[in-house]
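Down below is the structure, laid out as structure tokens.
Where a number appears in this text, it was derived from the coordinates with a stated rule and is not lab data. In this text the structure is predicted, and so the values were computed from the model without any measurement. Cβ coordinates were reconstructed from backbone atoms using ideal geometry, including for glycine residues, and neighbour counts include every protein chain displayed.
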Amino acid sequence: MSESWVNSAERIGSDLLLELAGPGSRRAVLIRALRDAVRAGRLPPGTRLPPYRSLAADLGLARNTVADAYAELVAEGWLTARQGSGTRVAHRAPAAAPARIPKKAPSRPAPPVHNLRQGQPDAASFPRTAWLAASRRAVNAAPNDAFGPGDPQGRVELRRALSGYLARVRGVHCSPERIVICSGFAHALRLLFGGGVLRGPLAVESYGLGFHRSLLVAAGVRTVPLTLDEHGARTGELTGLPGVRSVLLTPAHQFPTGGPLHPERRTAVVDWARTRGGLVLEDDYDGEFRYDREPVSAVQGLGPDRVVHLGSVSKSLSPAIRLGWMVLPEHLVGPVLAAKGEREGWASVLDQLALADFIESGHYDRHIRRMRQRYRHRRDQLVAALAAHAPHITPTGIAAGLHAVLRLPSGTERSTVKAAAWQGLGLDPLADFRHPAATMPAEDGLVVGYATPPDRAYGAALEALCRALPPPAGA
Ligand SMILES: Cc1ncc(COP(=O)(O)O)c(C=O)c1O
């Protein structure tokens, strides 16, 4: 194709020169030109691209050529296409590099195009229509007082809906009076420890979310790591920790290594809390997502007076909603409300009412059932890809949740994450989750969030993963 510069400025709405030059078919040349424009920052995230017809006319190309090029770039994750909002530059497409730097061999890995980092549900599957319908019904039905300052305990409509849901699905013993609404698990930690309701030291699992550890550090709480084995946290170590009266656990699905807490340990930890006059904090972050094993009910059901059950919609619906709940032993309701203050300052009352409707109308259950199937399929695809291309890598923690841990040959974790970054694949090394004072042996691994990419980008992300994995030891 001959070299030609076409200015599509009026249609795209910002200055853009597409250089249609170089070898290959017209489609390939156009794909390269658009990709370069995004990579160079000339088409920033969110920019709406012109419709096929206009660009095809502008560039003197067939419509199908432009449509094919867009479709390819959508599949690669550079663009997004949505009915009614056209084709846009993806928000997670590679960020801008200074436009004037000429092309040369990159000295740093490109920002991720594929994302297998853990931490978020499939954002493309958010149930927009059902959520909008629930919001509309909730706002229409809301009494006038819903539009005034919020009750710091949370709307009773939501507390009622959660009380029924948590009893039915998670085996939690509760009543609306024992629930306090918050803006997610992190907020609950801030209230409990930063708000002076509980004090450290706090026992935690040797692997967990660093963000939560930093929140605790910021609240002046010393954390003491418990060893993990194939049955979850070794709760027996608690008796040897003088001064520790509370423990934070992820009993349904240890985060991030996977696997439920062994039934004997579930009972033992509640007995320990009772004997010590302490508490178990149960982080039930993805309790609904289990695939090939029986559901594990909440530890809270074994000792509602000794367990603080903490949940949120961050994995089940979206972390953008910022709604969570604490099911508290009776004696803690007052102190937590005192820590919250006189008015609700975090959790939107209208979102609370929408969530209450979403649960009561059955949409929450339906959404979770749908996502469970979808994530199970994703999980199966991951397992199949590994079996086919990297049979020496074992995925673990795969019976539940939205992520898996891939065990790697010793000494290969950092280089694998680096190799992945060079291919534009974002991955979380297992070491990032390790408590700095953990004494258990460190193993190399990756925490792979298989829920994160949209469906259309998942296959390419798995291919990039398999390419980045180390060869078998000695190969
Ligand atoms: C281990 C763990 N706990 C809790 C949560 C929920 O956090 P939040 O409700 O603050 O979004 C997450 C992330 O979704 C998590 O990974």
Ranked list, fewest to most other Cβ atoms within 10 Å of each Cβ, for 280, 417, 224 = 224, 417, 280
Looks like segment 14-86, by Cα gyration tensor root eigenvalues a ≥ b ≥ c and the a/c under 1.5 rounded cutoff (else prolate when a/b is bigger than b/c, oblate otherwise), is rounded
Separation between Cα centres of segment 399-475 and segment 136-150, rounded to whole Å | 45
Among 85, 135, rank each residue by its count of other Cβ atoms within 10 Å, from fewest to most, as a rough exposure measure.
-> 85, 135
Average projected area of the Cα convex hull of the chain, in nm²?
-> 25.5
Nearest 10, in degrees from 0 to 90: the angle of helix 349-360 to the longest Cα principal axis of the chain is 80
Report the relative contact order of the chain, percent, no decimals, based on alpha-carbon pairs under 8 angstrom and at least 6 residues apart.
-> 19
Where Rh is the Kirkwood radius over the Cα pairs of segment 163-283, the temperature 4 °C and the viscosity 1.567 mPa s, what D in µm²/s does Stokes-Einstein return?
-> 86
Measure nothing but the geometry: give the 0 to 90° angle between the long axis through the Cα atoms of 26-39 and the longest principal axis through the Cα atoms of the chain, rounded to 10°.
-> 50
Whole-number D in µm² s⁻¹ for segment 128-365, Kirkwood Cα-pair radius fed into Stokes-Einstein, 20 °C, 1.002 mPa s = 118
May I have the extent of the alpha carbons of segment 388-475 along their three principal axes, as whole Å values ordered from largest to smallest?
-> 41, 32, 25
By the scheme Lys and Arg +1, Asp and Glu -1, what is the net charge of all other residues having a beta-carbon under 13 Å from that of residue 71?
-> 0
Between residue 366 and residue 19, with labels modelled 7 Å along Cα→Cβ, what's the label distance in nm to one decimal, could you check?
-> 5.2
Rounded to 10°, Cα long-axis angle of helix 63-76 versus longest principal axis of the chain | 30
Could you put 202, 132 in order, starting from the residue whose Cβ has the fewest other Cβ atoms within 10 Å?
-> 132, 202
What is the sum of charges around residue 143, taking Lys and Arg as +1, Asp and Glu as -1, for the other residues whose C-beta is under 15 Å from the C-beta of residue 143?
-> -1
